[in-house]
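Notes follow once the structure below has been shown.
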């Protein structure tokens with residue numbers, strides 16, 4: 001491998017998924033990161049997490065939603081994708097619009113509060129920094145699309 | 001399952017990947033679908049295809065680029081994602097910005113021509129209908145970002 005190749009390939013790519021859980025009023029579920037996390041404690045986010053090796057994205061987002069909220073969900077559309085760098089890995093974060101199909105909301109230890117938030121109010125919430133601008137862009141696009 | 005659940009879950013989600021292969025002049029590689037395809041013959045597209053079961057997206061886009069162009073590529077960033085419906089499945093198409101790392105361009109039987117196209121000229125090309133607007137949006141955003 002030449003220098004350019006080593007550089008471009010040195011940090012692997014990995015996928016994370018997020019569930020943009022929308023209710024019939026187009027409010028979305030945000031959950032707050034608890035002090036069991038090592039990063040971004042107190043920040044609000046969409047449920048989700050890493051795709052396991054060999055797992056497809058649809059299975060992953062349903063599993064993560066179940067683990068973090070105890071809700072059963074169905075994917076209804078694509079919210080979009082964004083990417084960011086971590087020390088060891090580069091992440092593509094795929095965000096899926098979802099609906100709750102069953103279950104009662106119960107958080108895991110990774111989160112300590114939840115809120116159903118109108119799209120237009122998202123800017124008032126302290127969101128995780130890496131995906132804040134993506135989340136706000138999504139909400140703006142969706143408000144305009146639905147008008 | 002209730003009716004809504006059956007409806008939302010009846011058509012599975014699947015992932016496809018596309019390689020937006022950029023050269024140092026920010027031209028992108030387009031390849032033309034040959035008459036060995038059952039759909040979209042003569043339309044131009046980015047190299048790519050379906051993610052195999054159990055395969056991660058980064059492996060898939062490199063494999064598809066190799067199969068369709070004989071080029072070895074590295075992922076340099078995220079171009080974006082779009083989604084569309086097929087008769088049996090709903091597709092999330094993840095598009096990765098890539099660079100050529102090695103190999104000599106040689107097409108498979110699925111394509112019969114190629115071109116390196118400036119971002120600003122993309123609108124003049126007959127692109128596959130399902131992703132045409134996504135491709136043009138991407139090119140417009142990238143031209144503005146790079147200015």
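Where a number appears in this text, it was derived from the coordinates with a stated rule and is not lab data. Just so it is clear, the structure is predicted and the values come from calculations on it, not from any experiment. Every residue, glycine as well, gets a Cβ built from its backbone with ideal geometry; the counts of neighbours run over all protein chains shown.
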- Task: Would you kindly work out, in nm and rounded to one decimal, the distances from the label point of residue A:136 to those of the same position in each other copy, ordered shortest first, with label points 7 Å along Cα-to-Cβ?
- Result: 3.0
- When the helix-only estimate is applied to chain A (DSSP H runs of n ≥ 4, each -39,500 (n - 2.57), divided by the residue count), what is the mean residue ellipticity at 222 nm, nearest 500 deg cm²/dmol? -8000 deg cm²/dmol
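Restricting the count to DSSP beta bridges whose residues both fall in the range B:11-146, what percent are antiparallel, rounded to a multiple of 5? Don't jump to the answer; show the numbers that get you there.
Numbers: 25 of 35 bridges.
Taking every DSSP beta bridge with both residues in the range B:11-146, the antiparallel ones total about 70 percent.
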- Item | Reduced Cα scattering model of the range B:11-146, Debye log10 I(q)/I(0), q = 0.14 Å⁻¹ | -0.60
- So, in nm and shortest first, the distances from residue B:10 to its counterparts in the other copies, with label points 7 Å along Cα→Cβ, work out as 5.2
- Item | With 10 Å bins from 0: P(r) over the protein assembly as shown, alpha-carbon pairs, percent | 6, 26, 33, 23, 10, 1
- Average partner chain C-beta neighbours within 10 Å, per residue of A:74-85? 5
- Message: For the range B:90-134 and the range B:30-75, what is the centre-to-centre distance using only Cα atoms, to the nearest Å?
- Response: 9
- Place the label 7 angstrom along Cα→C-beta at residue A:66 and in each other copy, then list the distances from the first to the rest in nm, shortest first. 3.4
- Query: Residue separation times 0.36 nm, minus the C-alpha to C-alpha distance between residue B:117 and residue B:144: what's the value?
  - Reply: 8.0 nm
- Note on the structure: DSSP beta bridges in the protein assembly as shown: the antiparallel percent, rounded to 5, is 70
- Query: When a footprinting reagent is the concern and you count Cβ atoms within 10 Å, what order do B:51, A:100, B:41, B:61 take, fewest first?
  - Reply: B:41, A:100, B:51, B:61
- Task: Measure nothing fancy, just the Cα-based angle from helix A:57-69's long axis to the longest principal axis of chain A, in degrees from 0 to 90, nearest 10.
- Result: 50
